[in-house]
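Quick notes on the structure that follows.
What follows is calculated from the coordinates using simple rules that are stated; it is not laboratory data. This is a predicted model, so every value here is computed, not measured. Every residue, glycine among them, receives a Cβ derived from its backbone with ideal geometry; neighbour counts consider all protein chains shown.
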Amino acid sequence: MKSGSNLEKVLTAGHFALTGELGPPRGTSAEDVKKKASHLKGMVDAVNITDNQTAMVRMASWAASLLIMEEGLEPNYQMVCRDRNRLAMQADILGAYALGIRNMLCLSGDHQKFGDHPTAKGVFDIDSMQLIGMVKKMRDENKFLSGADLEESPKMFIGAAANPFAEPFEWRVHRLAKKIHAGVDFIQTQCIYNMDKFRKWISQANDMGLTEKVYILAGVTPMKSVGMARYMKNNVPGMDVPDEIINRLRGAGKGKIAAEGIKIACEQIEEFKQMKGVAGVHLMAIEWEHKVPEIAEQAKMLPRPQL
């Protein structure tokens, strides 16, 4: 499948991919988006543009995607099932493709009770698995989900998320298999801190032959502080932060914790480069985009391939 996506070209050429992430602002400022984008340009192969992340209202993902395209970056346009029914979703996919967007990440979305409109009606007309299948049907069969003919199909490079850490752990790899069966081209994982558990998960995926059917990008989020590590351990569902990470950050000493967080992230990236079945890294430097050049440099991920 040739989507015209730079990320697809990087992965199919066998390069170790690096994607970044950008959260649109809670306002109308295009300058906010462009400022964040300036730190990512030339550093990553594509940038995830989140869709009302944590169920908080933000600038539309497709709009922020267009703004970063103007800055010379390739967006990975996220779409969640929480906020739209299948008509709106298919309309947005057609519009996004018509405007030049070539990558798409299909997600369920954080439940609205976690956000700033907890009484909002969750749509969830279809789930992330069905969303993957719908985009694939539109792309490969020239059909809408209803079965009606599509005039011109959106050739999206289809992505989805995977959480190797949620319970029950033994089901995780089978959920990955289901997403591959639904038609996903690439996977970005939840932030990884428990390396032992991730090694087991990727080993299972290798044994089942899944890593030959999909590109897996390992999720990396550098810790800024001990407080952030504790919060992620105790308050973020599906997150697995071992005590050894918290102790290592605490042991770094005052003024050196952020640098230690970056060092841990770079050590992870070095291991992922050697790990069978891992095709790249998804770097989620949450509200820390200005640190991406430093991390990419330290992790020996530069220069990025120009294809």
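Just a few scattered comments:
- Under the criterion of Cα pairs below 8 Å and six or more residues apart, the relative contact order for the chain equals 19 percent.
- Max mean-square fluctuation residue, GNM over the chain, Cα-Cα springs under 10 Å, options ASP149, ASP45, ASP83: ASP149
- Estimated at 0.36 nm per residue, the fully extended path between HIS181 and GLU297 surpasses their Cα-Cα distance by 38.1 nm.
- Shape class for the chain, computed from the alpha carbon gyration tensor (a ≥ b ≥ c): rounded, with a/c under 1.5.
- Rounded Å value of the spacing that divides the Cα centres of the range 156-233 and the range 258-299: 16 Å
- If both residues of a DSSP beta bridge must be in the range 6-298, then about 5% of such bridges are antiparallel.
- The angle between the Cα long axis of helix 195-207 and the main principal axis of the chain comes to about 40°, on a 0 to 90 degree scale.
- Anchor LYS263: aspartates and glutamates whose Cα lies under 20 Å away (excluding residues fewer than 8 positions away in-chain): GLU21, ASP196, ASP240, ASP243, GLU244, GLU271, GLU287, GLU289, GLU294, GLU297
- Extents of the range 158-307, taken as max minus min of Cα coordinates on every principal axis and listed largest first, are 48, 40, 24 Å.
- Once backbone amide H atoms are built at 1.01 Å from N, GLY109 has CYS81 as its partners under 5 Å, excluding neighbours fewer than 5 places away on the same chain.
- Counting charges near LEU7 (Lys, Arg +1; Asp, Glu -1) among other residues having Cβ under 14 Å from its Cβ returns a value of 0.
- Pairwise FRET efficiency - ASN85 versus SER29, Cβ, R0 = 35 Å, nearest 0.05: 0.75
- Local electrostatic count, LYS233, Cβ distance below 12 Å [Lys/Arg +1, Asp/Glu -1]: -2
- With neighbour counts taken as other beta-carbon atoms within 10 Å, the residues SER29, SER146, SER153, SER5 rank, fewest first, as SER146, SER29, SER153, SER5.
- Here the Karplus curve 6.51 cos²θ - 1.76 cosθ + 1.60, taken at θ = phi - 60°, turns the phi angles of the range 82-98 into couplings of 5, 9, 9, 8, 5, 5, 5, 4, 5, 4, 5, 5, 4, x, 4, 5, 4 Hz, with x standing for Gly and Pro.
- Only Lys, Arg, Asp and Glu carry charge here, each on its Cβ (+1 for the first two, -1 for the last two); on that basis the chain has a dipole of about 420 debye about its Cα centre.
- Fraction of antiparallel bridges per DSSP, the range 35-178 only, in percent to nearest 5: 10 percent
- For the range 53-210, the square roots of the Cα gyration tensor eigenvalues, ordered a ≥ b ≥ c, give a/c of at least 1.5 with a/b greater than b/c, which places it in the prolate category.
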